[in-house]
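Report on one structure; see the data block that follows.
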Amino acid sequence: MEPPEAGPESKDFGALISLYSSYVWNRLFGSPPPSDSGFLAKFSQFYRRKPHPQPRRRTPCLPLPLPSNSLDSSTFKDTSRIYNALEDIMLHVYSNLHDIQKNLQFWESRAEGSNARKARFMLFERGPRAFIDSSIKLVKDSVREGYSIQQLCHSASSHISQRITILNGLRCALATFLAQVYIEVDRSVEELAKDPRKSLPLLLVSMNELFLNLETSIGNLNAFYQSNFPDGERLHDPLIFERLPVVNQWTDSEVDDAISMICENLHKLDSYLSSIVAKYKKPQKITQYWIHYSCGAVGIAVCSMWLIKHSSLMGSPDIGNWIQTASNSTVNFFNDHVEQPLLDIRDELFETFRKRHKGVMELEEVQLTANSLHRMLLAFSEQTKGQKFPENASDQEMLEIVMARYEKELTHPIQNLLSGELARALLIQVQKLKLDIETAMLELNQILRANEINFAILAALPAFFLSLLLLMVIRAWLKQDTKAEGRGRVARIQRRLLIVEIERRIMQYQTYLDQGSVADAECTYGLMLYSLDRLYCAVERHAKATGEWEWLRLDLIDLAKPKLQTPDKFRVTSRLEQVYDCLLPVPKSH
């Protein structure tokens, strides 16, 4: 007996296990397994259960307006599991919307470019294979039909608009689904708070209907794509969600099946959207800049060959000598402009205190010379004038007496040198010159000592400026985060732009409601919820650091409420921009 082949009706994993268990039983015992075999029945029943897809990692997102008091009821287990399933819906939709939005923004930026920019994208920014194919097609068209740059630009516009159409349609479908889920939960809040056992199953039924509406929307998008882009390939296989059967009496088993159905539908939605987004996503950085990377690789290869040529592998000592020279230059620069100036500053600061007493002694030596000169002038003046001078007589007056006598003695220099006062006057002038020299040396010593620290600081300035430049580069690199979650000026601007986007969505939502366009209003409301979720995740860490998170969180939740009037929402957004520190504009001086 050959193992049974699984047909289309037995694709379920549990069915396959059941078929192969029957085959193994028949091979071992030579007869079909009994229908009441307990082991096989339990084994098959266990694997027929639908596996739960792995839940995504919990990340902070804009919370649903779920009542908290219902968690204290007797149905705590079922209630918490249903609430987790609803939060999983929001988390998956927010994540998929974010992926679609990133790629859509890229294609919209390319659509706004000039024809030359679009042609350059088609030729040089889609990878080497696309470059070769586009170049060959361009040459063939040029030979056959003449100059075909206009055709290339038209092809680029069609290529970009096709992706914008698909991604925009998916974004609108997901945003509408997101809005319907949020509005449905908000509508059921009062009933959930009063009687969760009765209202929770009805909420699960509503989620099933919303999934079916999303299936229809995506199916219409697929049909629209095939009708508007007939030359292209199919968008994807049809998306078919699991249906919730009609349940008259809700038990724990039915609740488990409903939660499993939600998880299975989320898994199918993720797989479906990931396959479509992967087909129409923006090219990766390495694909967009493949020419730059190729030139860089060629340059690295040439440099590598040059380095190998001058390395010890080829018997050349050049690289070793260059490394040694660079090492010695670095060490010398560090010693001359970092270590030695710092040591000089340190030594000078300590030497100033150690030599303070020595400086006082030098000042006393000058004072001794001045006192000796004063006594010499006093004695000479008293002897010359023949009168008593006071002890505090001015040196300048007595020096004038000495100079007058000196001029008189010079009339007969040889005679007065031997028997007069000429020699004594000369010695007094020598003493005066000595005093002037010592005073000048003392002042010069003080000036040099005061400037030694300045000279050491000047020697360390190159290293200081180099360190400052390095710190500025590191600071700029650390603050280059342009996402709204960052700390820099650009991140703060991004958070304020999110508030502007929320205000625009609120105005559009009110306009569509006034015009009676329900579908456009739901799509706009879902996009507003997505913007609120981005702002919620962006400000949480910063608001918790400043102690503002409790009130900021309540304001964001109020903005998401469908029943809050538009003027009240504008007052909330105005408060966001003016009150909370993490959303205030950065002064230009920063």
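The values are calculated or read from the model by the stated rules, or taken from the named source; none is laboratory data. Since the structure is predicted, the reported quantities are computational estimates derived from the model, not experimental observations. FYI the Cβ positions are ideal-geometry reconstructions off the backbone, even for glycines, and counts take in every protein chain you see. Heavy atoms of the whole protein, side chains included, go into the accessibility calculation; ligands, DNA and RNA do not. Shrake-Rupley method; radii C 1.70, N 1.55, O 1.52, S 1.80 Å.
The table below gives the values:
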item: Matching residues, region 289-304, being within 18 Å of residue 320 (Cβ to Cβ) and not polar (S, T, N, Q); result: 303
item: Subset of region 388-441 [in a helix (DSSP H, G or I) and of a type in the set (Gly, Ala, Ser)]; result: 404, 419, 423, 425, 440
item: Residue list for region 504-521, restricted to those being open to solvent by 40 Å² or more (accessible area, probe 1.4 Å), of a type outside the set (Val, Ile, Thr) and assigned to a helix (DSSP H, G or I); result: 504, 507, 508, 510, 512, 513, 514, 515, 519, 520
item: Matching residues in region 315-324 - criterion: being over 41 Å from the mean Cα position of the chain (by Cα) and surrounded by 11 or more Cβ atoms within 10 Å (Cβ to Cβ); result: 316, 317, 318, 321
item: Residue match in region 252-259 (condition: open to solvent by 20 Å² or more (accessible area, probe 1.4 Å), under 17 Å from residue 93 (Cα atoms) and not in a loop (DSSP other than H, G, I, E, B)); result: no
item: Residues of region 260-281 classified as open to solvent by less than 80 Å² (accessible area, probe 1.4 Å) and either closer than 30 Å to residue 125 by Cα or among the charged types (D, E, K, R) (or both), total; result: 13
item: Index of the failed condition, residue 536 passing every other in (1) within 21 Å of the chain's Cα centre (by Cα); (2) open to solvent by less than 50 Å² (accessible area, probe 1.4 Å); (3) farther than 20 Å from residue 66 by Cβ; result: (3)
item: Residue tally, condition within 22 Å of residue 186 (Cβ to Cβ) and assigned to a helix (DSSP H, G or I), over region 541-574; result: 19
item: Hey, residue 480 within 20 Å of residue 181 (Cα to Cα), open to solvent by 80 Å² or more (accessible area, probe 1.4 Å), at pLDDT below 95 and polar (S, T, N, Q) or not; result: no
item: Residue ID - nearest to the chain's Cα centre (by Cα), chosen from residues in region 285-306 that are open to solvent by 100 Å² or more (accessible area, probe 1.4 Å) and closer than 24 Å to residue 318 by Cβ; result: 300
item: Test result for residue 382, at pLDDT 80 or above and over 15 Å from residue 434 (Cβ atoms); result: no
item: Top-ranked residue of region 108-137 - restricted to ones that are open to solvent by less than 40 Å² (accessible area, probe 1.4 Å), free of Cβ contacts under 8 Å to residues at least 24 places away in the same chain and assigned to a helix (DSSP H, G or I), ranked as farthest from residue 162 (Cα to Cα); result: 135
item: Residue match in region 522-529 (condition: closer than 23 Å to residue 95 by Cα and either of a type in the set (D, E, K, R) or within 22 Å of the chain's Cα centre (by Cα) (or both)); result: yes
item: Of residues in region 546-590 being within 23 Å of the chain's Cα centre (by Cα) and of a type in the set (Lys, Arg), the one most open to solvent (accessible area, probe 1.4 Å); result: 588
item: Cross-chain or 6+ apart pairs with Cβ under 7 Å, region 579-590 first and at pLDDT below 65, then surrounded by 13 or more Cβ atoms within 10 Å (Cβ to Cβ) and not small (Gly, Ala, Ser); result: 590/489
item: Count of residues meeting criterion [more than 29 Å from residue 171 (Cβ to Cβ) and part of a helix (DSSP H, G or I)] in region 576-590; result: 3
